[in-house]
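Below is one structure, written out as structure tokens; comments come after it.
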Amino acid sequence: TLKNPLRAGKEPRGGVGVEGRLGGLGLGRLPAPPPRFPLWAPGVAPPLAAYSGSGLAAPHTTRYVPRIAFYAGLRRPHEGYEVLRFDDVVTNVGNAYEAASGKFTCPMPGVYFFAYHVLMRGGDGTSMWADLMKNGQVRASAIAQDADQNYDYASNSVILHLDVGDEVFIKLDGGKVHGGNTNKYSTFSGFIIYPD
């Protein structure tokens, strides 16, 4: 028969027995917990180690992860052909979104995610188109049609590579958009996924 070295009061290979400290449970050697590092530090990438059940993997370095994100709502209604100025800014980490122009200006090259949801004011049989633009070029489109209802949503999302100075914004390409002083019916948001 096999004997548990812990129960026999012997020290197992590769570690110190813990029977006395754990109330005689005979659990064997416990691995050390992983070191605690911040996920990132401005300008400094500390070494991180991935934890596995048997111990620590080889340390590796991480990249600097910038904080760039925004989320804004539309206060006033828009119609016709114009850039939607989402002027109710809730989040603007990195200050890359400008409410006065409705444009996000890229501060760091990388891959970004953007989403927009636009509520159409209908009731007159019209449709509404909303385009996500990158430097004046359409990168995504959404349409809402007025059938038998007064309101309808147009939404879309994209993943884009941006260079410093690139502008991303939402342009109304016909129709009417509903705003709201307190409710965020129409919104525009984005964040960096990873830098170059």
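A short reminder: the numbers here are calculations on the coordinates, not readings from a lab. Just so we're clear, the structure is a prediction, and the values are computed from it rather than from any experiment. Methodologically, a virtual Cβ is constructed for each residue, glycine included, from the backbone with ideal geometry; neighbour enumeration extends over all protein chains shown.
By how many nm would the segment from ASN135 to ASN95 grow when fully extended, if each residue of separation counts as 0.36 nm and the alpha-carbon distance is taken off? Spell out each step's value before the answer.
Numbers: separation 40, 0.36 × 40 = 14.40 nm, distance 1.87 nm.
Taking 0.36 nm per residue and subtracting the Cα distance, the gain is 12.5 nm.
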_Ratio of the Cα radius of gyration of region 77-174 to 2.2 N^0.38 Å, where N counts its residues_ = 1.12
*For VAL164 and ASN150 in the same chain, what is the full-extension length gain: residue separation times 0.36 nm, less their Cα-Cα distance, in nm?*
1.0 nm
_Which residues does the label zone of TYR194 cover in region 92-110, counting backbone N under 15 Å from a point 7 Å along Cα→Cβ?_
109-110
